[in-house]
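Here the structure comes first, spelled out in structure tokens, and everything after it is commentary.
Computed from the coordinates by the stated procedures, all read-outs in this text should not be read as laboratory data. Predicted, not measured: the structure shown is a model, and the values here were computed from it. All Cβ positions, glycine included, derive from the backbone under ideal geometry; neighbour counts span all protein chains shown.
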Amino acid sequence: AQENTSLDVWPEIEKAEKENRRELVLQGSAVDKKIQSCSGIHPRLYCLALLNYLEISQCPSLHEVNESIRQLSHLQSLILCRNKLTSVPKSIGELKAIKVLDLSVNQLHVLPEDICELRELNTLNISCNNITALPEGLSKCVKLASINVSKNALSRLPEDLWSSKLELLSSIIASENAIEDLSSEVHNLSALKVLDLSSNKLQELPSELANCPKLKEINFKGNKLKDKRLEKMVNGCQTKSVLDYLRAGGRGKGKGKQQDGEAGEKDDTGCNVSMKKSAGKRKGKKEVEEVDELNRMVVRVLQLSEAPSVVMVKVSPGVKDVRPYIVCCIVKGMNLRQGNALKRFLTAQTKLHDDICARRTTATIATHDLALVKAPLLYDVRPPDTLKIVPLGRKEIKAAQLLKQLQQEADEQRKQKKRQNVSGLHKYLQLLDGKDLYPCLVDAEDHVISFPPITNSERTKIKKTTCELFLEVTSSTSLQVCKDVMDTLITKMAELNKLTFEQKEGVGSDEEADAVSDCPAENPTSHELAILQVKVMDVDGNLKVVYPSKTDLISENGNLTVIR
């Protein structure tokens, strides 16, 4: 007789329970089969009261989540993307600590109003569903900073989304819906930087949009506007031009701001006062633009035809079932030698891993000293007992032993500090649970220089004397995720490089000064970065991806100039 295996506790849950884990990731076909046999998530999951990060993704058999999710009261991030959820439990509103909620790529038609009770909510992603209306009351989520509702069936956005209470809301992505109107109350959003309503049914844009003080990036492409001149500008112009047009009145819904009687007002010389005012404004505007130009960060993309890459990456077929996506590029002009520049860069990388990479669950960044990289490279998979690496700050070791060692250190760390969460590499160990093969980037001498998502190799470690960097982003989620993370990383590097340039910190010791004096600086009087494209090919030489392409590095940052 068969045992009732559907009630057996899943080993991932049992392990998390035994080790009092704070993070749990359940994804892919193996988990999906368990969900099928249990007709849902195993109920023991809802007993993991210490969890602050839970991800269940890429499980097409997952159609609903039990109301018992209310028991996970410490959850700060709940990622339920790429499943086939048809409903969201009302009890989700009781998860008062939630900061990140991702319900994207499911089959939802409606959201419970209880979501509006999440007062700590910072990021809401419900893109790629069939939602026809958002709940009223989102203005109660006063810490909301980013909302993505793209690729749904919305005909309108709720009026209270434009409430001045949402003083942290900086990004609204609502593309590919059926939205017919943009509220004139949009100017209430004092922190709004990015607004994307492309591919909707808008006919007019309110002039009040020009009164959003921090708005840097707008996208209204794919809307049939009544004002054809404005439509042409929207489809081809930068944000600034569109906002200037709306500010001046344009046509359609936008009305000019000229006061009654101003048009005919003359001064003693008979000149039109408003014309004088306009001339003064133009002069002031030009001066402001000149100052803005000085504040800009500059990134120059060098095509392969201009600067053939010294590095090419080939991808073995085996990565497809482990961690299939990778993008790479080379960065020149990054100044790591002055003051705390290197420390700032490494700190920023750690923060990106925690934020946009969702604690390395969606993607992992690796940075190498290009001078130490021996090309060509192979992105490959190897068994834990044969994969060898010299991890950062350690001696050469097999991957299986490294993970065992890190797990022991994590257990010791918990005992000593009497806490449940751990720091450093230790918090990423669970990401390789259940994998028979591990991903790795291998150089021409068969040395592993990267073991994502765990560590880089000491062999290619960057230091203050590093002149040129080789960047690598890998993901098990999608190629676009890799590109988005790389875009963000390069933008951050440009920001840091500008900061280092302006602070004019000292180089450091005489030894360091001598070492960096040999570093070929293309333009030592500038903070401009040069990005060299890198090709990723399959083993037969067919192109898989080249980064950055023309569609990459389309920045939402108004102070970043990309020269191609």
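Taking a threshold of 19 Å on the Cα-Cα distance, which of the pairs LYS99/LYS140; LYS15/LYS404; LYS221/LYS544 fall above it? In this structure, LYS221/LYS544 exceed 19 Å between Cα atoms. Please report the base-10 log of the normalised intensity I(q)/I(0) for segment 96-239, using a Debye sum with one equal scatterer per alpha carbon and no solvent, at each q in 0.09, 0.16, 0.18, 0.19 (1/Å). Treating every Cα as an identical point scatterer, log10 I(q)/I(0) equals -0.25, -0.81, -1.03, -1.15.
When the Cα atoms of segment 1-136 are aligned to their principal axes, the ranges along those axes come out at 52, 29, 20 Å in descending order. Using the Karplus relation 6.51 cos²θ - 1.76 cosθ + 1.60 with θ = phi - 60°, the per-residue 3J(HN,Hα) values for segment 98-114 come to 4, 10, 10, 10, 10, 10, 5, 6, 10, 10, 7, 10, 8, 10, x, 4, 4 Hz, with x marking Gly and Pro.
Building the convex hull from the alpha-carbon atoms of segment 160-226 and averaging its projection over directions returns 4.0 nm². Per residue, the convex hull spanned by the Cα atoms of segment 54-124 amounts to 70 cubic angstrom.
Based on alpha-carbon atoms, the Kirkwood radius and the radius of gyration of segment 1-71 give Rg/Rh equal to 0.95.
Each distinct pair of alpha carbons in segment 433-489 adds a 1/r term; the inverse of their mean, the Kirkwood radius, is 13.2 Å. For segment 302-352, the residue among LEU304, PHE345, ILE326 whose Cα projects farthest onto the positive side of the dipole built from Cβ charges is PHE345. As a size descriptor, the averaged projected area of the C-alpha convex hull of segment 298-378 was calculated at 7.2 nm². For ARG300, the residues whose modelled amide H falls within less than 5 Å of its own, excluding neighbours fewer than 5 places apart on the same chain, are LEU529, ALA530, ILE531, ILE563.
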